[in-house]
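Heads up, the thing below is written out as structure tokens.
Taken together, the values in this text are just the output of simple stated rules run on the coordinates, not laboratory data. Computed from a predicted structure; not experimentally measured. In this analysis, Cβ positions are derived from the backbone assuming ideal geometry, glycine residues included, and neighbour counts consider all displayed protein chains.
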Amino acid sequence: MDRRIFPLALGALGIGTTEFVIMGLLPDVAKSLNISIPQAGHLISSYAFGVVVGAPVLIAFAAKYPPKKILSYLMIAFVIFNGLSALVNDYYTMMIVRFLSGLPHGAFFGVGTVVATRLAKPGKQAQSIAMMFTGLTLANLAMVPFVTWLGHQLSWRYAFGVVSVLGLLTLISLKFLLPYMESLRTTTLKDELEFFNSAKAWHIIAITGIGFGGLFAWFSYITPLMTTVSRFDKDFIAYIMVLAGAGMVIGNFLGGVMADKMRPALAAAILLTAMILALIGVFFFSENQSMSLILTFVCGALSMAVGTPVNIIMLRSAKNSEMMAAAFMQAAFNVGNSLGAFFGGLPLEFGLSYSYPSLVGAGLAGIGLLLCLAFMKKYKPVI
């Protein structure tokens, strides 16, 4: 890995860890704060809402500054608010702190994506971006399972403490490894936002937000699903998260290959179809432990596989607005996070089994598929 990209990958590791670790610790957080598991699921939505708000807003106001300065300040906020997450003792304050923790997320990836392309050798831009997102896949493969295990063994608060340490290490690496660059803004803010006046931009965002909601309806409640429906021991959850993370690593590669071999919109449609089938499978077969593990790997793979094609669709469509487009896509992914956690929790409020969120997820992925097919029909000559 190019040492100049390392700070971006390390930041992605920390961001991926804080976003996903709470999903493996929902019962622990719920018990500690004296709330129900569905209420604890709203903490996921709160973080996601922070990403949605922070991604475009912070990019809009900060893009005029050198990227090294922007990334450093974003990571300072990341350290502070994740540190506070480890200390909060009541539900409503935790909701606020998780919202604030999400603010730097999308902006970091929006700036980082453009920085990675600027640092790349000619013709190697995609590989440079992939190196940055290596941190995100490693978060799901190794760091999330580790801090999930740590949270179960000691306290969920230690998980957010580890995340803050990752943020501090990212700050140090940004200072010493990331070279200075001038501001990345090449057009005015008004020109950057012009693309988002088009129906095409919001069509892509809708595919991403609703389609990914299907994944998060399942993933947000994976711990109670595995312990109450599949009847795995609580101590086994960390290994299940490793399995999901391994699927994400494979899926990241699969999505890239498919997007290179066919139209990205077609690749997204195929993968959303597979996601619907996998989530229906979770609903019907989670009582079988072997099938439950297989489907965890498959759903993990599909979660990362769909991301690459839809990102390419947006970047190809948003000429001269790439940084803002990358920020909006992070917002869209986290709209999906929020929608999935919220709608996935509704059946639980009515006392239904923890297998039902996956059925809700299949419905959301189905809407995403219909939107994707409509996009293909409307923009067939382009993407």
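Of note:
- The listed peptides 280-293, 55-68, ordered by packing as a protection proxy, come out as 55-68, 280-293 (highest mean of other Cβ atoms within 10 Å first).
- Cα-based Lys pair tally, the range 1-185, threshold under 30 Å, eight or more apart or on separate chains: 11
- Proximal aspartates and glutamates relative to residue 234, as straight alpha-carbon distance under 20 Å, when same-chain residues fewer than 8 apart are discounted: 28, 287
- Phi angles across the range 103-120 convert, under the Karplus curve 6.51 cos²θ - 1.76 cosθ + 1.60 with θ = phi - 60°, into 3J(HN,Hα) values of 4, x, 4, x, 5, 4, 6, x, 5, x, 4, 5, 4, 4, 5, 5, 7, 6 Hz, Gly and Pro given as x.
- Amide N proximity, the range 136-171 versus residue 239 label position 7 Å along Cα-to-Cβ, cut-off under 18 Å: 141-153
- Packing order of peptides 297-308, 368-379, highest average first: 297-308, 368-379 (average count of other Cβ atoms within 10 Å over each peptide's residues).
- Full-stretch length increase - residue 294, residue 352 - with 0.36 nm per residue and alpha-carbon distance subtracted: 18.5 nm
- Segment residue 193-residue 180, extension gain: residue separation times 0.36 nm, minus the distance between their alpha carbons: 2.1 nm
- Only helices enter the 222 nm calculation for the chain: every DSSP H run of n ≥ 4 contributes -39,500 (n - 2.57), and dividing by all residues gives -26500 deg cm²/dmol, rounded to 500.
- Candidate lysines - alpha carbon under 24 Å from residue 200, same-chain residues fewer than 8 apart omitted: 190, 261, 319, 377, 378, 380
- Overall dimensions of the range 189-383 by Cα: Rg and Dmax, Å: 17.0, 54
- Taking 0.36 nm per residue of separation and subtracting the Cα-Cα distance, full extension of the segment from residue 379 to residue 261 would add 40.6 nm.
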